[in-house]
Amino acid sequence: MKEVFWRSDFSGKIALVLSTWFGIGLFPVVPGTLGTLGAIPFVILLIDLGVLYKTLIFVIFAAIAVWVSGRTQDLLKDHDPSAVVIDEVAGFFLTMFFLPFSWLTLVLGFILFRFFDILKPYPIKRLERLKGGFGIVMDDLLAGLYAYAGVRIVLLFV
């Protein structure tokens, strides 16, 4: 990865830094889980924004995630590099988007997002077949929606 970074142009370097969520994805074990943990400060930072601003940030962030994931995929010549964790950040952001923030929703959202991202129930697994950054990011966004629905269901009983 270091070698690819130093050989890349400026946009390649930006793509590598963002797609690994500032290097979190480079950890040798559980990069997806660590990437989701790395999303928590981002989610907390956006808690108090209104729906319009959150929506705008989410759309821009998702577009950036697709671009940097695809660019990193090309640079590393790997279909779905494990170092790319910006997709987990986007998926967890979507999980927490409309939830009232509390430690309960944060923990439940985290657990359920990781559950659905790892298990990949239908049709999440099929989204990985999409080309480029779309295939990397879209399955995590759907896992984020599943996790959101799961948290909402749990909250009905708490």
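Among the residues of region 74-84, which ones are among the hydrophobic types (A, V, I, L, M, F, W, C) and surrounded by fewer than 18 Cβ atoms within 10 Å (Cβ to Cβ)?
Leu76, the sole residue that qualifies.
With a cut-off of at least 2 residues that are within 22 Å of Leu155 (Cα to Cα) and aromatic (Phe, Trp, Tyr), name the helices (runs of 4 or more DSSP H) lying wholly within region 1-116.
By residue number, 86-96.
Go through Asp117, Asp87 for me and flag whichever is of a type in the set (D, E, K, R), over 12 Å from Leu145 (Cβ atoms) and surrounded by 22 or more Cβ atoms within 10 Å (Cβ to Cβ).
So the residue among Asp117, Asp87 that is of a type in the set (D, E, K, R), over 12 Å from Leu145 (Cβ atoms) and surrounded by 22 or more Cβ atoms within 10 Å (Cβ to Cβ) is Asp87.
Residue-wise test of (1) within 30 Å of Lys13 (Cα to Cα); (2) touching a residue at least 24 places away in the same chain (Cβ under 8 Å).
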residue: Ile44; (1), (2): yes, yes
residue: Thr72; (1), (2): yes, yes
residue: Leu75; (1), (2): yes, yes
residue: Met96; (1), (2): yes, yes
residue: Leu112; (1), (2): no, yes
residue: Leu130; (1), (2): yes, no
residue: Phe134; (1), (2): yes, yes
residue: Asp139; (1), (2): yes, yes
residue: Leu155; (1), (2): no, yes
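For Val151, only one of the following conditions fails: (1) touching a helix residue (DSSP H, G or I) at 6+ places or on another chain (Cβ under 6 Å); (2) within 21 Å of Ile64 (Cα to Cα). What is its number?
(2)
Please indicate, with yes or no, whether at least one residue in region 10-26 is of a type outside the set (Ser, Thr, Tyr), closer than 17 Å to Ile118 by Cα and either at pLDDT 95 or above or surrounded by fewer than 19 Cβ atoms within 10 Å (Cβ to Cβ) (or both).
yes
Mind counting the residues in region 48-73 that are modelled with pLDDT under 95 and surrounded by 12 or more Cβ atoms within 10 Å (Cβ to Cβ)?
So the answer is 1.
List pairs: first in region 59-70 and within 14 Å of Gly132 (Cα to Cα), second outside any helix (DSSP H, G or I) and modelled with pLDDT of 95 or more, Cβ under 6 Å, 6+ apart or cross-chain?
Close Cβ pairs satisfying both conditions: Ser69/Val84.
Between residues in region 26-41 that are under 17 Å from Gly144 (Cα atoms) and residues that are crowded, with 16+ Cβ neighbours inside 10 Å and among the basic types (Lys, Arg), which pairs lie under 9 Å by C-beta distance while being six or more apart or on different chains?
Hits for this filter: Gly32/Arg114; Thr33/Arg114; Thr36/Arg114.
Can you say whether Gly144 is within 14 Å of the chain's Cα centre (by Cα), assigned to a helix (DSSP H, G or I) and farther than 14 Å from Gly35 by Cβ, as far as the supplied structure shows?
No.
Whether any residue in region 132-144 is of a type in the set (Val, Ile, Thr), touching a Phe, Trp or Tyr at 6+ places or on another chain (Cβ under 9 Å), modelled with pLDDT of 95 or more and crowded, with 21+ Cβ neighbours inside 10 Å is what I want to check.
Scanning region 132-144, I find no residue that is of a type in the set (Val, Ile, Thr), touching a Phe, Trp or Tyr at 6+ places or on another chain (Cβ under 9 Å), modelled with pLDDT of 95 or more and crowded, with 21+ Cβ neighbours inside 10 Å, so the answer is no.
The values are calculated or read from the model by the stated rules, or taken from the named source; none is laboratory data. Owing to the predicted nature of the structure, the values given are computational and were not obtained by experimental measurement. Please note: Cβ atoms are built from the backbone with ideal geometry, for glycine as well, and neighbour counts cover all protein chains shown.
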